[in-house]
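First the structure, in the form of structure tokens, and then the observations on it.
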Amino acid sequence: MPPAMHEGYELLDFDMLGLAPKLDTALQRAGFTQPTPIQNEAIPLALAGHDILGLAQTGTGKTLAFGLPLINHLLAQPGKPAPKTVKALILAPTRELANQIADSLRPLTAGSKLRIATVVGGQSIGKQIGFLSHGTDILVATPGRLIDLMDRGAVNLGSVRHLVLDEADQMLDLGFIHALRKIAPRLGTPRQTMLFSATMPKQMEELSRAYLTDPKRVQVARPGKAADKVTQSVHFLTKQEKPAKLREILSQDRAALTLVFARTKHGAEKLMKGLVADGFNAASIHGNKNQNQRDRAIKAFRSGKINVLVATDVAARGIDIPGVAYVVNYELPDVPDNYVHRIGRTARAGREGEAIAFCAPEEADLLRQIQKLMKSDIAVASGTQPIGKSGETRRKRPGASRPNARKSANGSAAKPPSKQPRSRRKPTSSWSRAGDGTRELHASR
């Protein structure tokens with residue numbers, strides 16, 4: 001790191017960091033010139049070897065914030081990894097996010113001898129054992145599959161000197177804390193640990209104390225805050241009115257990439273089939289889809305072959321497609337933090353996006369919890385907003401439909417969230433056996 005660089009130093013360009021020449025070249029080839037705020041704050045500290053607790057909205061460049069210093073450190077360490085060993089480990093809560101991270105880092109290792117491997121459930125464990133047998137520099141993994149490989153003696157983590165926990169709050173939500181406790185003692189020491197997340201639940205402080213040493217906290221936005229360029233609105237309607245409203249919204253911009261979130265895998269599949277039957281170009285991803293099916297659906301969505309993707313929260317952190325114009329919360333999530341991650345699938349890489357929520361009377365408390373988390377109200381586009389638990393309602397002036405939603409979102413004001421929301425229902429998780437006999441942990445929804 002250049003001598004003049006210190007905490008609080010304002011970066012103007014990546015080439016001011018004093019990175020390895022190969023990494024500088026890879027950045028230029030990939031079109032990266034100026035760092036985002038989270039990269040601006042985190043990269044100098046990570047290059048200096050500090051543990052990092054990074055908090056930033058989704059879609060702000062967290063992958064490069066930890067990936068760039070990680071690759072730079074590895075380029076400075078000569079020598080191939082020994083068989084079955086790993087130099088750097090990145091843990092992600094979902095298959096989609098793990099694949100996304102690996103795809104984002106590979107262009108940065110172009111021209112070097114660094115190897116990046118991905119191990120996730122739903123894919124051949126035999127093939128994964130095969131390429132791990134040669135050793136790898138960077139391993140991106142989901143905790144469940146990694147533990148399976150550890151139990152089979154296929155990977156040795158004793159050489160890991162860099163650990164990244166990405167979207168660590170979702171790891172807590174999905175029950176991966178037990179997996180982390182099993183993985184951590186196998187890692188090498190001393191090591192650098194970087195923990196990144198978009199939200200900061202209370203358990204995150206405990207997690208950081210357990211795995212980070214004197215970390216530097218990097219925060220470019222208040223935890224739970226939505227991305228600045230996401231325009232939000234909510235329609236109050238009954239459960240029975242949701243299908244017609246969704247079709248109305250989708251019909252107004254059929255060419256746009258729209259991500260629709262349902263609460264359960266069965267609900268997502270039923271919703272997708274109904275949309276296809278009505279002539280919409282839709283697909284779905286959820287826990288009942290195998291990895292190849294999920295990969296094909298995301299690829300088709302990314303390319304525009306399909307323009308409506310119905311998903312459960314399994315996809316809330318794993319889709320990095322800058323072209324997503326709309327996110328529709330067909331059903332509100334049980335965990336308020338997941339709302340932030342869902343709508344973070346739009347307005348990525350500096351673009352604008354729109355998030356539309358449907359709220360049935362029985363979801364009113366979920367909405368209040370979401371607004372309490374974000375410390376802001378979501379503008380009302382249409383319908384009657386319930387107030388309190390007594391069943392009283394207040395008529396809000398309906399806003400415009402989708403073409404004018406941005407205007408209504410900026411001009412409407414909703415009632416502040418209730419002071420006493422119901423306690424949230426935590427998702428449960430369980431271990432199951434995949435087709436190849438390996439174990440995977442699944443959220444109940």
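The values are calculated or read from the model by the stated rules, or taken from the named source; none is laboratory data. All of these numbers come straight from a predicted model, not from anything done at the bench. Virtual Cβ from ideal backbone geometry, glycine too; neighbours counted across all protein chains shown.
Would you check if residue 186 is in contact (Cβ under 8 Å) with a residue 24 or more places away in the chain and basic (Lys, Arg)? Steps first, please.
Numbers: in contact (Cβ under 8 Å) with a residue 24 or more places away in the chain: yes; basic (Lys, Arg): yes.
So residue 186 fits the description; yes.
Residue 193 meets the conditions (1) in a loop (DSSP other than H, G, I, E, B); (2) touching a strand residue (DSSP E or B) at 6+ places or on another chain (Cβ under 6 Å); (3) among the polar types (S, T, N, Q) in every case but one. The failed one is (1).
So, in region 126-158, exactly how many residues are surrounded by 19 or more Cβ atoms within 10 Å (Cβ to Cβ) and either of a type in the set (Lys, Arg) or part of a helix (DSSP H, G or I) (or both)? Adding up the residues that qualify gives 9. Considering region 275-298, the residues that are part of a helix (DSSP H, G or I) and without any contact (Cβ under 8 Å) to a residue 24 or more places away in the chain include one that is surrounded by the fewest Cβ atoms within 10 Å (Cβ to Cβ), namely 277. Beta carbons closer than 8 Å, at least 6 apart along the sequence or on distinct chains, never pair a first residue in region 62-88 that is on the phi > 0 side of the Ramachandran plot and in the same structural domain as residue 18 (by TED's automatic domain parsing) with a second that is in a helix (DSSP H, G or I) and at pLDDT below 95.
If you scan region 92-116, which residues turn out to be over 24 Å from residue 197 (Cβ atoms) and either free of Cβ contacts under 8 Å to residues at least 40 places away in the same chain or in a helix (DSSP H, G or I) (or both)? Walk me through how you get there before you give the answer.
Filtering region 92-116 for residues over 24 Å from residue 197 (Cβ atoms) gives 107, 109-115.
Listed by number, the residues that qualify are 107, 109, 113, 115.
Identify the residue in region 93-147 that is basic (Lys, Arg) and farther than 28 Å from residue 28 by Cβ and, among all such residues, is nearest to the chain's Cα centre (by Cα). Break it down stepwise before answering.
Start the filter on region 93-147 by keeping residues that are basic (Lys, Arg), which leaves 95, 106, 113, 115, 127, 145.
Pick out the ones that are also farther than 28 Å from residue 28 by Cβ and you get 95, 127, 145.
Details: 95: 11, 127: 26, 145: 19 Å.
The qualifying residue nearest to the chain's Cα centre (by Cα) is 95.
Taking the listed residues 92, 76, the one that is surrounded by fewer than 24 Cβ atoms within 10 Å (Cβ to Cβ) and of a type in the set (A, V, I, L, M, F, W, C) is 76, with no other qualifying.
So is residue 80 in a helix (DSSP H, G or I), more than 18 Å from the chain's Cα centre (by Cα) and among the basic types (Lys, Arg) or not?
no
Every residue, every condition in (1) within 20 Å of the chain's Cα centre (by Cα); (2) not assigned by TED's automatic domain parsing to the domain that holds residue 284; (3) not in a strand (DSSP E or B), yes or no:
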| site | (1), (2), (3) |
| --- | --- |
| 300 | yes, no, yes |
| 310 | yes, no, no |
| 320 | yes, no, yes |
| 331 | yes, no, yes |
| 334 | yes, no, yes |
| 365 | no, no, yes |
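Among (1) farther than 30 Å from residue 33 by Cβ; (2) part of a loop (DSSP other than H, G, I, E, B); (3) modelled with pLDDT of 80 or more, which single condition is residue 381 missing? Against the list (1) farther than 30 Å from residue 33 by Cβ; (2) part of a loop (DSSP other than H, G, I, E, B); (3) modelled with pLDDT of 80 or more, residue 381 comes up short only on (2). Residue pairs whose Cβ atoms lie under 6 Å apart, separated by 6 or more positions or on different chains, with the first residue in region 36-49 and farther than 19 Å from residue 76 by Cα and among the aliphatic types (A, V, I, L, M) and the second at pLDDT below 90 and part of a loop (DSSP other than H, G, I, E, B), are 38/56; 38/60; 38/61; 38/220.
Would you confirm whether or not region 252-268 contains a residue that is under 17 Å from the mean Cα position of the chain (by Cα), in contact (Cβ under 8 Å) with a residue 12 or more places away in the chain and over 24 Å from residue 382 (Cα atoms)? No - not one qualifying residue is present in region 252-268.
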